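Peer 1: Got a structure here, written out as structure tokens. Questions coming.
The values are calculated or read from the model by the stated rules, or taken from the named source; none is laboratory data. Just so it is clear, the model here is predicted, and its values are computed rather than measured. Every residue, glycine as well, gets a Cβ built from its backbone with ideal geometry; the counts of neighbours run over all protein chains shown. Protein only, heavy atoms only, side chains kept; ligands, DNA and RNA dropped before computing areas. Shrake-Rupley method; radii C 1.70, N 1.55, O 1.52, S 1.80 Å.
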Amino acid sequence: MRIGAEEEFHVLDVESGRLVPRAGTLLGRLGGSGFSRELQQSAVESNSGVHDTLDALFADLSAARRRLDAVASSSGLAVVAAGTVPLARVTAHDVTPDPRFRRMAEDYRRVADEQLICSAQIHVDVPDRDTAVRAMCLVSPWLPPLLALSASSPFWLGSDTGYASWRTMLWQRWPTAGPVGCYRSAAEYDAAVAELIGSGVITDTGMLYHDLRPSDHQRTLELRVCDACPRTETVALVAGLFRALVRHARERLERGADHGCDGHHEWLRAATWRAARSGLEGPLVDPETRRGAPAPVVLRRMLRLLRPALEASGDFATVRTLLEEALAAGSAAHRLRRAARDEDLLAGVDMLVAETRGDPLAPCAARRRDRRPARPRGTGRAPAYVRTATTPGTPG
């Protein structure tokens, strides 16, 4: 059961920390394969190779980030893997000049204009499309905890939204976004997709934006619920857990186990909202009880459930260590809020850049402070983005 990942990165001006539509500059210098453009000219996507182990995936993703960072740095730019970046502006003029993207911008208007978001997507091998489709119903209840692990987008257009993943709220406005339904076969799923395309609301299978979907061109099941993650370790953790979920689902299907789906996914949409609101610093909806529980309780229960599947892939020790480290460090949303509270929002941007690069925060932040005039504290009106109404990471 091999794994791969797609990561999306925001392109920032290195001095101001603001989002800029200069993805073309980076792509022109990168050349070759492995990187591609997105709907907005302020984002770049990287595509990993296909790997058997989490160590190999981690090394691949780290190398791609180093390559992207080197090209960005030489162009006066920086790249950030996060659901949103704190400083951005919405415009209708920054869509990538591609016929498909232009059509999407015209059809969806403000939704497309505000697509200033980035995600991490994980692919896991499946033997056939029927297995992929049938496994979705078994895997879906555990996707909100994976979203909580990845939550990295508390700020939007300079203000704290109160959410750990505001990207989720923006993303769910697309007509096909959110939890996927349950289907008995690939034929049934494909008929539903054809009906959606026939409605004219979407134009092709690439616009199926469910949290989980069978790949249209590979024999994989694709996870799409997560924010882009500043730390590569978080991507590896999510990939390990997702592969275990798919393995666990396959084994249940092979045993003929009834997934017991009642067709009601209202609780699952609510659980996704809860994860987007709270991240790791508040309650999640426990998929087994459908009641609120602290995030560490839910995630450690998930680890126990998936231990046999993780051991079958050789991932258990790695995933257990990465999970405990993630719970101790808190979500990226929590770390970003803390940086904004302790200094200012640009310090938070420094943190995101440093974590994306794989460096510790201090050297990056110090370099910025050395070249930027000091900003006095406590004088005049504080910018809206410095204000945090709640304890970092805590819903309130």
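Peer 1: Among the candidates A88, A82, single out the residue that is outside any helix (DSSP H, G or I) and in contact with a Cys (Cβ under 8 Å, 6 or more places away or on another chain). Working first, answer last.
Peer 2: Numbers: A88 fails: in contact with a Cys (Cβ under 8 Å, 6 or more places away or on another chain).
Step by step, each of A88, A82 is checked, and only A82 is outside any helix (DSSP H, G or I) and in contact with a Cys (Cβ under 8 Å, 6 or more places away or on another chain).
Peer 1: Determine if the range 214-230 includes at least one residue that is touching a strand residue (DSSP E or B) at 6+ places or on another chain (Cβ under 9 Å), more than 12 Å from H123 (Cα to Cα), in contact (Cβ under 8 Å) with a residue 12 or more places away in the chain and open to solvent by 10 Å² or more (accessible area, probe 1.4 Å).
Peer 2: No; the residues of the range 214-230 include none that is touching a strand residue (DSSP E or B) at 6+ places or on another chain (Cβ under 9 Å), more than 12 Å from H123 (Cα to Cα), in contact (Cβ under 8 Å) with a residue 12 or more places away in the chain and open to solvent by 10 Å² or more (accessible area, probe 1.4 Å).
Peer 1: Among the residues of the range 5-29, how many are closer than 30 Å to T318 by Cβ and open to solvent by 10 Å² or more (accessible area, probe 1.4 Å)?
Peer 2: 2
Peer 1: On to the next question. Please enumerate the residues belonging to the range 1-40 that are among the hydrophobic types (A, V, I, L, M, F, W, C) and in a strand (DSSP E or B).
Peer 2: Start the filter on the range 1-40 by keeping residues that are among the hydrophobic types (A, V, I, L, M, F, W, C), which leaves 1, 3, 5, 9, 11-12, 14, 19-20, 23, 26-27, 30, 35, 39.
Selection gives I3, A5, F9, V11, L12, L19, F35.
Peer 1: Now for a different question. Determine if the range 278-287 includes at least one residue that is surrounded by fewer than 22 Cβ atoms within 10 Å (Cβ to Cβ), touching a Pro at 6+ places or on another chain (Cβ under 7 Å), of a type in the set (A, V, I, L, M, F, W, C) and under 25 Å from T232 (Cβ atoms).
Peer 2: No, the range 278-287 contains no residue that is surrounded by fewer than 22 Cβ atoms within 10 Å (Cβ to Cβ), touching a Pro at 6+ places or on another chain (Cβ under 7 Å), of a type in the set (A, V, I, L, M, F, W, C) and under 25 Å from T232 (Cβ atoms).
Peer 1: I would also like to ask the following. Out of all the residues in the range 244-256, is one or more modelled with pLDDT under 95, open to solvent by 40 Å² or more (accessible area, probe 1.4 Å) and not in a helix (DSSP H, G or I)?
Peer 2: Within the range 244-256 (the criterion being modelled with pLDDT under 95, open to solvent by 40 Å² or more (accessible area, probe 1.4 Å) and not in a helix (DSSP H, G or I)), the answer is yes, since at least one residue qualifies.
Peer 1: Another question about this same structure. Among the candidates E281, E222, E195, which residue alone is farther than 15 Å from L143 by Cα, at pLDDT 95 or above and either among the hydroxyl-bearing types (S, T, Y) or touching a His at 6+ places or on another chain (Cβ under 9 Å) (or both)?
Peer 2: Step by step, each of E281, E222, E195 is checked, and only E281 is farther than 15 Å from L143 by Cα, at pLDDT 95 or above and either among the hydroxyl-bearing types (S, T, Y) or touching a His at 6+ places or on another chain (Cβ under 9 Å) (or both).
Peer 1: Condition first: out of contact with any Asp or Glu (no Cβ under 7 Å at 6 or more places or on another chain) and open to solvent by less than 10 Å² (accessible area, probe 1.4 Å). Now tell me which residues in the range 150-163 satisfy that.
Peer 2: Of everything in the range 150-163, those that are out of contact with any Asp or Glu (no Cβ under 7 Å at 6 or more places or on another chain) and open to solvent by less than 10 Å² (accessible area, probe 1.4 Å) turn out to be F155, G158.
Peer 1: Still on this structure: Using beta carbons and a limit of 6 Å, which pairs, at least six apart or on different chains, have the first residue in the range 286-311 and outside any helix (DSSP H, G or I) and the second one among the acidic types (D, E)?
Peer 2: A293/D286
Peer 1: Tell me the residue from R65, R22 that is closer than 15 Å to T356 by Cβ and modelled with pLDDT of 95 or more, please.
Peer 2: After ruling out the rest, the residue left standing is R65.
Peer 1: Hey, another quick one. Can you tell me which residue is farthest from M136 (Cα to Cα) among those in the range 173-188 that are without any contact (Cβ under 8 Å) to a residue 60 or more places away in the chain and not hydrophobic (A, V, I, L, M, F, W, C)?
Peer 2: P175
Peer 1: Also, I was wondering about something else. With (1) surrounded by fewer than 19 Cβ atoms within 10 Å (Cβ to Cβ); (2) in contact with a Leu (Cβ under 7 Å, 6 or more places away or on another chain) as the list, and R109 as the residue in question, which single condition is left unmet?
Peer 2: (2)
Peer 1: Another question, then. Under the condition of being closer than 16 Å to A239 by Cα, in contact (Cβ under 8 Å) with a residue 24 or more places away in the chain and part of a helix (DSSP H, G or I), which residue from the range 312-340 is farthest from the chain's Cα centre (by Cα)?
Peer 2: Going through the qualifying residues, I end up with A312.
Peer 1: Next question, about the same structure. Condition test on V44, is it open to solvent by less than 40 Å² (accessible area, probe 1.4 Å), part of a helix (DSSP H, G or I) and not acidic (D, E)?
Peer 2: Criteria not met by V44.
Peer 1: Kindly provide the set of residues from the range 88-112 that are without any contact (Cβ under 8 Å) to a residue 24 or more places away in the chain and in contact with a strand residue (DSSP E or B) (Cβ under 8 Å, 6 or more places away or on another chain), ordered by number.
Peer 2: R102
Peer 1: Also, quick follow-up: Of (1) among the small types (G, A, S); (2) surrounded by 21 or more Cβ atoms within 10 Å (Cβ to Cβ); (3) in contact with a Pro (Cβ under 8 Å, 6 or more places away or on another chain), A239 satisfies all except one. Which?
Peer 2: The number of the failed condition is (3).
Peer 1: Then there is this: Just checking, which of V85, V79, V90 is open to solvent by 20 Å² or more (accessible area, probe 1.4 Å) and either among the basic types (K, R) or within 29 Å of L346 (Cα to Cα) (or both)?
Peer 2: Answer to the check: V90.
Peer 1: What is the one condition in (1) surrounded by fewer than 21 Cβ atoms within 10 Å (Cβ to Cβ); (2) modelled with pLDDT under 95 that A317 does not satisfy?
Peer 2: So A317 meets the others, but not (2).
Peer 1: Oh, and also: Select from the range 159-179 the residues that are within 17 Å of the chain's Cα centre (by Cα) and of a type in the set (G, A, S) and list them in ascending order.
Peer 2: A164, S165, A177, G178
Peer 1: What single numbered condition from (1) within 17 Å of the chain's Cα centre (by Cα); (2) of a type outside the set (G, A, S); (3) buried (at least 22 other Cβ atoms within 10 Å of the Cβ) fails to hold for V298?
Peer 2: (1)
Peer 1: If you go through the range 320-343 one residue at a time, how many are open to solvent by 20 Å² or more (accessible area, probe 1.4 Å) and either in contact with a strand residue (DSSP E or B) (Cβ under 7 Å, 6 or more places away or on another chain) or farther than 24 Å from L299 by Cα (or both)?
Peer 2: So the count comes out to 3.
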